[in-house]
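S.K.: Let me give you the structure first, and then I'll get to my questions.
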């Protein structure tokens, strides 16, 4: 058995060598960007194929009901991307803003970029958003979809042949196959690192602070820790990536990005004020979506971090009230009622505040005050779709 | 997306390794009592979903843009020919100035989901739902909201076509041959699936669906595409009686 596994390892080594060089990541990140080809057209059969699939997927995004079509948002995201990577590069990209509350953005082979609303909610400045957009653009520039596809094909081909060889010779080849399989994920993580470092170069040349990309990951770790604490779990940030992780750990990314940034010019304004102003019209709906994620600790962390920058405005107070009312412990209901009232005092105009305050009060046993609030809601919105239900509550 | 690719490939290997191969699967469903009078119906052909490529040695789908373009053209031509035989007016969907592109795309996705459900939960045994077991029962639809779409106003029915072809690569074929000598490692080569469906634009009901998991006809050639379209349109309501097709 021991002999067999040594043999298997040896086989895996030679096959891994066949799988081609890993993406170049050794060089010190300087400030020279690679040459960029405008209006690039796919060249090989593989590349045209990968682009074809991306073209189809892009049609799906274009027509998706999740896309945020309100005037200006996608145009603004494009502005940020252009400031980050330069006007020549950003001309090859279409950006789709998607209403998905997770922290993510992604890139397809043909220059389609999707940006999730969860990323927009969490970013605190243009520089933070730009750090992620620049990383995604680097995937595009480095043609990672194509090379990733080709590497997966090489690796799975090897796995298939080894499997058949194992069946022919009646040997257990699973450990060799699993080593190659891990290589697929390791290659993906190396692509992420390469995109991080090229993205950092864009950031350093853009005028945004070079230290921001590293901070993005620190913020995300803080949110994940808060989220775990809110669920009475231990925070579980890892130092190194597991075999099957698609990305390096947040900790590792924040460290190597900070190290590389230290060697670069510091950059200038993160444009936090401009970012807040651009996001202000969308803040209530992004917050509402985040609250529905049933992540008390993480959401409270986001609210705190937004409030640290802009103060507790009416939208943040209302969202905080909603967060507490949704968790719904007796003490939460009391706190929620208080935040609703503070939000009203701070200038929150929506009539739904009266309804939700009324519901919180009713559940907290403050029946008279609750009915008063519900009546205020009914007076303001007599034709609301839930008016009948609320009337029934008031009558009881 | 990356991980899905890999899992699909891994799955293909696993299936190959355990020697399960999809049995010949073809099935047609009609709404009971439905007939489409020839020569009267205006059928709107929705943009067909077509994917053509290779199957890698390990079973990973490898998209091929050139083949897909060829198939798109060949199938469109073959469909146009076939429709003349059907005696119906067939027009390709055009959004025009309706601004309904996104909404129509939603209906196309909805049709896709319904068609998959019919295939999964009614057509083939295994996962068939108890409520879908009765013969002569074919009760599916996308909702009558589709009747309100301006860009579909002139049509009586919408025809949806879905074709997915993975031709076995050389590596896959060699693996298949070698694996014949390996006990328990049956490897199949190539995937050729397709389905076609007809939706009543007045009611949103699915009036006909034909699905085939092992289709014939090489869609990269004109003759092959004609054969494929014949197979896709098998059991099409109101289709003039034909002599049984030879050797299909």
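S.K.: Of the conditions (1) under 30 Å from residue B:110 (Cβ atoms); (2) surrounded by fewer than 21 Cβ atoms within 10 Å (Cβ to Cβ), residue B:184 clears all except one; give me its number.
M.R.: Failing condition for residue B:184: (1).
S.K.: Separate question: Identify, from the list A:53, A:74, A:47, the residue that is touching a strand residue (DSSP E or B) at 6+ places or on another chain (Cβ under 6 Å), in a helix (DSSP H, G or I) and closer than 30 Å to residue A:152 by Cβ.
M.R.: Details: A:74 fails: closer than 30 Å to residue A:152 by Cβ; A:47 fails: touching a strand residue (DSSP E or B) at 6+ places or on another chain (Cβ under 6 Å).
None of the other options fit; the residue is A:53.
S.K.: Only one residue in A:124, A:83, A:38 is away from chain B (no Cβ under 14 Å), buried (at least 19 other Cβ atoms within 10 Å of the Cβ) and assigned to a loop (DSSP other than H, G, I, E, B). Which one?
M.R.: Matching residue, one of A:124, A:83, A:38: A:124.
S.K.: Which residues, taken from segment A:132-153, are touching a residue at least 12 places away in the same chain (Cβ under 8 Å) and over 19 Å from the mean Cα position of the chain (by Cα)?
M.R.: Going residue by residue through segment A:132-153, those that are touching a residue at least 12 places away in the same chain (Cβ under 8 Å) are A:132-152.
Across segment A:132-153, the qualifying residues are A:141, A:142, A:143, A:146, A:147, A:148, A:149, A:150, A:151, A:152.
S.K.: Ok, one more. Before we move on, is residue B:184 touching a helix residue (DSSP H, G or I) at 6+ places or on another chain (Cβ under 7 Å) and either under 19 Å from residue A:63 (Cα atoms) or part of a loop (DSSP other than H, G, I, E, B) (or both)?
M.R.: yes
S.K.: Restricting attention to helices (runs of 4 or more DSSP H) lying wholly within segment A:241-318, give those where 3 or more residues are surrounded by 19 or more Cβ atoms within 10 Å (Cβ to Cβ), touching a helix residue (DSSP H, G or I) at 6+ places or on another chain (Cβ under 8 Å) and in the same structural domain as residue A:194 (by TED's automatic domain parsing).
M.R.: A:250-262
S.K.: Looking at residue B:136 and the list (1) in a strand (DSSP E or B); (2) at positive phi, which single condition is not satisfied?
M.R.: Failed condition: (1).
S.K.: Name every residue in segment B:48-66 that is more than 9 Å from chain A (Cβ to nearest Cβ) and part of a loop (DSSP other than H, G, I, E, B), in order of residue number.
M.R.: Listed by number, the list holds a single entry, B:48.
S.K.: Additional query: Would you check if residue A:154 is farther than 30 Å from residue A:302 by Cα, within 14 Å of another protein chain (Cβ to nearest Cβ) and in a helix (DSSP H, G or I)?
M.R.: yes
S.K.: Further question on the same structure: Name the single residue that is nearest to residue A:240 (Cα to Cα) among those in segment A:159-200 being more than 10 Å from chain B (Cβ to nearest Cβ) and outside any helix (DSSP H, G or I).
M.R.: A:173
S.K.: Specify which of the listed residues (B:165, B:136) is more than 25 Å from residue A:66 (Cβ to Cβ) and either within 14 Å of chain A (Cβ to nearest Cβ) or modelled with pLDDT of 90 or more (or both).
M.R.: B:165
S.K.: Give me the residue from segment A:349-393 that is part of a helix (DSSP H, G or I) and under 34 Å from the mean Cα position of the chain (by Cα) and, out of that set, farthest from residue A:330 (Cα to Cα).
M.R.: Going through segment A:349-393, the residues part of a helix (DSSP H, G or I) turn out to be A:352-363, A:367-380, A:387-393.
Next cut, under 34 Å from the mean Cα position of the chain (by Cα) only: A:352-357, A:359-360.
Numbers: A:352: 21, A:353: 19, A:354: 19, A:355: 18, A:356: 15, A:357: 14, A:359: 13, A:360: 9 Å.
Ranking the qualifying residues of segment A:349-393, first place goes to A:352.
S.K.: Same structure, new question: Criterion first (within 14 Å of chain B (Cβ to nearest Cβ) and modelled with pLDDT under 95) does residue A:142 satisfy it?
M.R.: Spelling it out, it is not the case that residue A:142 is within 14 Å of chain B (Cβ to nearest Cβ) and modelled with pLDDT under 95.
S.K.: Which condition from (1) under 17 Å from the mean Cα position of the chain (by Cα); (2) surrounded by fewer than 13 Cβ atoms within 10 Å (Cβ to Cβ) is the one that residue B:78 breaks?
M.R.: (2)
S.K.: Is one or more of the residues making up segment B:155-163 within 18 Å of the chain's Cα centre (by Cα) and part of a loop (DSSP other than H, G, I, E, B)?
M.R.: No, segment B:155-163 contains no residue that is within 18 Å of the chain's Cα centre (by Cα) and part of a loop (DSSP other than H, G, I, E, B).
The values are calculated or read from the model by the stated rules, or taken from the named source; none is laboratory data. Worth saying up front: this structure is predicted, and the values here are computed from it rather than measured. All Cβ positions, glycine included, derive from the backbone under ideal geometry; neighbour counts span all protein chains shown.
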